[in-house]
Each structure stands twice: as structure tokens, then as C-alpha cells.
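The structure under discussion appears below in the form of C-alpha cells.
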């Protein structure tokens, strides 16, 4: 299902959202990325019909639904808090939106959604006995069981611990590959945007400032405002910036590798693209070009799109190795590596 916002504006007290113009293709996974208070949740609530539109149109496959009742929009919504029915089992929670189906079809649907969301073993459990990550996966299965034309995700990992975030992120990737449901996911987390988004829209102070393929937006911010927001992913200029997964001082998206300056200080370090930097296994005693920096792997975080490394090269830095690199699966903690930086005269 294709979705398009056309000059949408919403007023909430002194805050004005829009005008927003945004198109989401059939089967696309779009991430809306922005700081707290930018209007991300309000955007989803407007699409879902939970907020009144002041002006503009919301087009779904050519039909304006801006003033349609929420229940007529065929939209699934997953909130930060799972909002499961506490008196219903996991099975009955998932089945709730399909109550009018014939029983056999409903049971088959519940089994399929439970399997896809990884909650098959939890079907007879009650919500009170589930972890935060389990509750969110159940809520995701419930939302998908209604066969939504569009799935809206409102910071679904915000309240989860790191392991649960990783598990849910993997579940979302696998579900989207299987179902190809048109999805809009809002977050302030760079790692989520990079791991999940086909495209990303940067929303700041109620306005969309840039939209494009995720790696392109992170590599080429369209304005100083966007660059400032993304600086922890596109620059290595601030010591306090930390990768939320590895603790390294920079977040390394799959399109970027960040390197220290020659004196080992992060301050003033250049912005580097992934094809400017290569990482290879170290060989003791081997002669290396002058732009190579010796390092050692401190930790490894594996993701569906590659491997994120935390390296010690005299300081801690994050780097990424693409999934298709021949040595990506053989990297181990403690291994010596060489980080090749671009020549300064290039």
C-alpha cells in the first residue's frame, strides 16, 4: 500500500507540525529520525487518525483518508508500551483483531504471526509474566494479525534493554523481509535507523529537512542543521559521542568509517566514507603502507548488514565491516587488524 502526506499540518498548543510532504512506497521501510519533541509520534498519530488534520491530505493508494475514521484506515500501530490486554493470554491477544474470522482461519493466522514474531512458546502465557522484549514482540504479532496496509512503529525499542533491542530489531528485519508490509518507524536512535531503514526522513522542530536512502542521508547531510543532528554518526569531532551498542566514541553506520587524526586525537578528525577505509587482518612483521594504523579488536557486534567493531588503535573507535567482506565472519575479539586510512594527498 502506497502512502503519501501532502502538505499536512497539525496544531497542538503552541507546537505546529508541518507542512509535511512525504511519500512511502509499497513495501518500503521508512524510518523517521529526529530528536525528542520533533513531532515524530504526532506524525504517526496523524496518519492513524488519532489527531485532527488542520490542512492537507493523507493519500492511501489514491484515496484521501485525512478525515476518515481510524478504524477504517487499515493501519497497525505499535506503541512504545506494548498495551497488551492484561486479562488475555498471548494467544488471545494476537487473535483479538481477527475475532470475526472463522475459527480455523483465525487459529492458523495466530500460529503464523506467533512463529514470525518468535513468540510460539509464549502463546499460553499471560502478559504479566513476559519480559519487555517479549511483550513488544507479542504486540507486534497482534498488530500484524489485522493485516494492516501500513504498520506504524512508535519507538518500539525505547524501553528495552540492549539485548532485547537487538532481538526485536532482528525480528523486525525478518518480518519485513517476509511480509513486505509498508512500515513507518519513528525513533531518535541512529543504530535503529541504519539497521532497518530503506530510507530515512529527518524530522526536526516539526519539519522534514531531508529524505533519502539511509546511507546517503548519513553520508551527505543536506544542511548544517541536519549535519549537526547527525554529527555523532558522521563526524568524529566530539569525545562525548558514544555508540549506544559498543560504547565507542562514535557511531559507525554501514556507510561510514570514522578514524582518528594523525596525532591520535579525535578532535578535528576528517569525515571518511566506507570506501575510503579498509580493515584487514594483521600480520606480525609485515611491512605496511604509511597510512595503515595497527589496531586490535576489543568487541564485536554482529548485525544483519555487517559487523560493527570496537577497535583499540591507541584510542577507542568504531568501525564497520560489510557483510560481504570475505573475512567478516572470521573476526574474533583480540585479533590484530590493520585500518587503512586514505592518503592525505588524495
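The values are calculated or read from the model by the stated rules, or taken from the named source; none is laboratory data. All values reported here derive from a predicted model rather than from experimental measurement. Cβ placement follows ideal geometry from the backbone for every residue including glycine, while neighbour counts extend to all protein chains displayed.
Given the conditions (1) more than 23 Å from the chain's Cα centre (by Cα); (2) crowded, with 19+ Cβ neighbours inside 10 Å, report the number of the one that residue 135 does not fulfil.
Unmet for residue 135, out of (1) more than 23 Å from the chain's Cα centre (by Cα); (2) crowded, with 19+ Cβ neighbours inside 10 Å: (1).
State all residues of region 198-232 that are at pLDDT below 85 and on the phi > 0 side of the Ramachandran plot; if no residue qualifies, say none.
Listed by number, the list is empty, since nothing qualifies.
If you take the residues of region 122-132 that are under 26 Å from residue 158 (Cα atoms) and at pLDDT 90 or above, which of them is surrounded by the most Cβ atoms within 10 Å (Cβ to Cβ)?
Pass one, region 122-132, residues under 26 Å from residue 158 (Cα atoms): 122-123, 125-132.
So of that shortlist, the ones also at pLDDT 90 or above come out as 122-123, 125-130.
Details: 122: 23, 123: 18, 125: 15, 126: 16, 127: 20, 128: 9, 129: 10, 130: 18.
Going through the qualifying residues, I end up with 122.
With respect to residue 1, determine if the residue is at pLDDT below 95 and touching a helix residue (DSSP H, G or I) at 6+ places or on another chain (Cβ under 9 Å). Walk me through how you get there before you give the answer.
Details: at pLDDT below 95: yes; touching a helix residue (DSSP H, G or I) at 6+ places or on another chain (Cβ under 9 Å): no.
Spelling it out, it is not the case that residue 1 is at pLDDT below 95 and touching a helix residue (DSSP H, G or I) at 6+ places or on another chain (Cβ under 9 Å).
Quick one: in region 207-234, of everything that is touching a residue at least 40 places away in the same chain (Cβ under 8 Å) and buried (at least 22 other Cβ atoms within 10 Å of the Cβ), which residue is nearest to residue 31 (Cα to Cα)? It would help to see each step written out before you state the result.
To start, the set of residues in region 207-234 that are touching a residue at least 40 places away in the same chain (Cβ under 8 Å) comprises 207-208, 211, 214-215, 219, 229-230, 232-233.
If we keep only those that are buried (at least 22 other Cβ atoms within 10 Å of the Cβ) as well, we get 214, 229-230, 233.
On the way: 214: 9, 229: 15, 230: 14, 233: 16 Å.
Going through the qualifying residues, I end up with 214.
If you check 48, 98, which single one turns out to be under 27 Å from the mean Cα position of the chain (by Cα), touching a residue at least 12 places away in the same chain (Cβ under 8 Å) and surrounded by 15 or more Cβ atoms within 10 Å (Cβ to Cβ)?
On the way: 98 fails: under 27 Å from the mean Cα position of the chain (by Cα).
From the options 48, 98, the qualifying one is 48.
Taking residue 35 and the conditions (1) closer than 26 Å to residue 168 by Cα; (2) modelled with pLDDT under 95; (3) crowded, with 19+ Cβ neighbours inside 10 Å, which numbered condition does it fall short on, given that it satisfies the others?
Going through the list (1) closer than 26 Å to residue 168 by Cα; (2) modelled with pLDDT under 95; (3) crowded, with 19+ Cβ neighbours inside 10 Å, residue 35 breaks only (3).
Looking at 194, 175, 151 in this structure, which one is buried (at least 23 other Cβ atoms within 10 Å of the Cβ), more than 17 Å from residue 308 (Cβ to Cβ) and in contact with a helix residue (DSSP H, G or I) (Cβ under 7 Å, 6 or more places away or on another chain)?
On the way: 194 fails: more than 17 Å from residue 308 (Cβ to Cβ); 175 fails: buried (at least 23 other Cβ atoms within 10 Å of the Cβ).
Just a single option satisfies the conditions, and that option is 151.
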